[in-house]
Amino acid sequence: MTWYEGSDNIGAKRVPASGTGVTVFPQSSSINGNICMNSIATGAFTVTLKPQPISELASASEIGRMSIDKQFSGDLIGTSKGEMLSAMSAVKGSAGYVAIERVSGTIGDKRGTFVLQHFGTMNRGAPTLTVSVVPDSGTDDLMGLDGTLTIEIVDGKHLYTFNYSLPD
């Protein structure tokens, strides 16, 4: 596993966390008054998008709707299901999308579910994307989860980096 705990890894001493394979940095943060360890999980995912019916009002606005079905591997092992709305503009290379997906899986020795919210735009070919954990959406061992996920597509393969915190 390649996990890093701490928001600033430059010059930090890596100390293996007992029995988890997680690399711990002596840094923490606070969420709602709880001490949290900052961590990074990396891996890959496969995604299947399927067009779905949309309301008459939305179809008149050239808005598309897709179902999301993902399989995560790496430091986050699990699946997700969700929905995406998208719109393209008349300008080539400009578009936007929003999505919500519920992830069910394991991060290290922590198991549960949480919700990711996506906000993406393409401005004349220049992409921006924010994917964040919906506050208080974590369940079971992932209660209190906070974080952001970045996606990189390399040679057609979807890779993720998940910067997250969990209460101690």
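The values are calculated or read from the model by the stated rules, or taken from the named source; none is laboratory data. Quick caveat: nothing in here was measured; it's all calculated off a predicted structure. For neighbour counting, all protein chains shown are included, and Cβ atoms are generated from backbone atoms with ideal geometry for every residue, glycine included.
Under 18 Å from residue 161 (Cβ atoms), out of contact with any Phe, Trp or Tyr (no Cβ under 9 Å at 6 or more places or on another chain) and either modelled with pLDDT of 95 or more or of a type in the set (Phe, Trp, Tyr) (or both): does that describe residue 40? Reasoning before the result, please.
Numbers: under 18 Å from residue 161 (Cβ atoms): yes; out of contact with any Phe, Trp or Tyr (no Cβ under 9 Å at 6 or more places or on another chain): no; either modelled with pLDDT of 95 or more or of a type in the set (Phe, Trp, Tyr) (or both): yes.
Judged against the criteria, residue 40 is not a match.
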Requested in this report: Considering each of 58, 90 in turn, give the residue that is surrounded by fewer than 14 Cβ atoms within 10 Å (Cβ to Cβ) and farther than 21 Å from residue 129 by Cβ.
Outcome: 90
Query - Enumeration of residues in the stretch 44-95 that are touching a residue at least 60 places away in the same chain (Cβ under 8 Å) and not in a strand (DSSP E or B) - result: 75
Query raised in the report: Do we have residue 122 as modelled with pLDDT of 95 or more, surrounded by fewer than 16 Cβ atoms within 10 Å (Cβ to Cβ) and either among the aliphatic types (A, V, I, L, M) or touching a Pro at 6+ places or on another chain (Cβ under 9 Å) (or both) here?
Result: no
Query raised in the report: Out of (1) over 22 Å from residue 166 (Cα atoms); (2) surrounded by 12 or more Cβ atoms within 10 Å (Cβ to Cβ); (3) modelled with pLDDT under 85; (4) among the aliphatic types (A, V, I, L, M), the odd one out for residue 98 is which?
Result: (3)
Requested in this report: Quickly run through the stretch 109-146 and pick out the residues that are in contact with a helix residue (DSSP H, G or I) (Cβ under 9 Å, 6 or more places away or on another chain) and assigned to a loop (DSSP other than H, G, I, E, B).
Outcome: 109
Report task. Name the single residue, out of those in the stretch 142-168 being surrounded by 14 or more Cβ atoms within 10 Å (Cβ to Cβ) and over 14 Å from residue 41 (Cβ atoms), that is modelled with the lowest pLDDT. Result -> 167
